[in-house]
Amino acid sequence: MGDATEDRRKAATYPEGDVLGVLYAQHARIRDLFTEVREAAGAERSELFAELRALLVAHETAEEMIVRPVVTDNGGKAVADARNAEEAEATEVLDELDGLEPTDADFDKLLASLEKSVDAHAEAEETAEFPLIERSCDEERRLGMGRMFQVVETIAPTRPHPSTAGSPVAQYAVGPIASLVDHARDAVSKVLPGQ
Ligand SMILES: [Fe+2]
Ligand SMILES: [Fe+2]
């Protein structure tokens, strides 16, 4: 199981705004949110899950559109294709989970299986994909990708809230997963170069 503290430690080893630091920090927040959803109950659980799904969709969509083309262009096509396939699979589980109430017994089972696959996926990115980006992109390029990646914050703020009660999940973020994915794709396409 990946470790949020270790991800934050690694995030801090990169210059401010470097896409690799941003990615490690988002992985840490995703891992924390899985723990928080698992441990919460009632309305708090629903709100935390809404936050988790919004962040997962925004993070994976931004990776797919900002990171994967760079990985592919630098000799990592097989790596990029494998990561995209894992993300597509996770989105399917997320969609299934979305049809259940957080109080449903199956919700816990499916949440555990999603956590396991997202964890393995994040590990695969950190070990197979991040080193490739580090080798093939200079700091200026990584800062540029990091700036594009800030779009995730406009979809799903990654800072924990002082109180989870009334956390500001935007209205679109509570819609179906498919509309959340569409919203994320629109937002990311606006920050891509040449748009
Ligand atoms: Fe990913
Ligand atoms: Fe990731």
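The values are calculated or read from the model by the stated rules, or taken from the named source; none is laboratory data. Predicted model, so just to flag it, every value in this text is computed and none were measured. Ideal geometry is used to build each Cβ from the backbone, glycine not excepted, and the neighbour counts take in all protein chains shown. We work out accessible area using only protein heavy atoms, side chains counted, and drop any ligands, DNA or RNA first. Shrake-Rupley method; radii C 1.70, N 1.55, O 1.52, S 1.80 Å.
Going by what's in this entry, would residue 132 be described as in contact (Cβ under 8 Å) with a residue 60 or more places away in the chain, assigned to a helix (DSSP H, G or I) and surrounded by fewer than 19 Cβ atoms within 10 Å (Cβ to Cβ)?
When the stated conditions are applied, residue 132 passes them.
Could you pull out the residue among 67, 57 that is hydrophobic (A, V, I, L, M, F, W, C), under 10 Å from the mean Cα position of the chain (by Cα) and within 23 Å of residue 183 (Cβ to Cβ)?
The match here is 57.
Can you report the number of residues in region 37-48 which are crowded, with 18+ Cβ neighbours inside 10 Å and either touching a residue at least 60 places away in the same chain (Cβ under 8 Å) or farther than 24 Å from residue 104 by Cβ (or both)?
3
Which condition number does residue 26 fail, the rest of (1) within 15 Å of ligand 2 (Cβ to nearest atom); (2) open to solvent by 10 Å² or more (accessible area, probe 1.4 Å) being met?
The number of the failed condition is (2).
Select from region 74-101 the residues that are open to solvent by 20 Å² or more (accessible area, probe 1.4 Å) and in contact (Cβ under 8 Å) with a residue 40 or more places away in the chain and write down the one among them that is nearest to residue 177 (Cα to Cα).
Among those that are open to solvent by 20 Å² or more (accessible area, probe 1.4 Å) and in contact (Cβ under 8 Å) with a residue 40 or more places away in the chain, it is 95.
If we keep just the residues of region 1-13 that are in a loop (DSSP other than H, G, I, E, B) and free of Cβ contacts under 8 Å to residues at least 60 places away in the same chain, which is farthest from residue 131 (Cα to Cα)?
Filtering region 1-13 for residues that are in a loop (DSSP other than H, G, I, E, B) and free of Cβ contacts under 8 Å to residues at least 60 places away in the same chain, the one farthest from residue 131 (Cα to Cα) comes out as 3.
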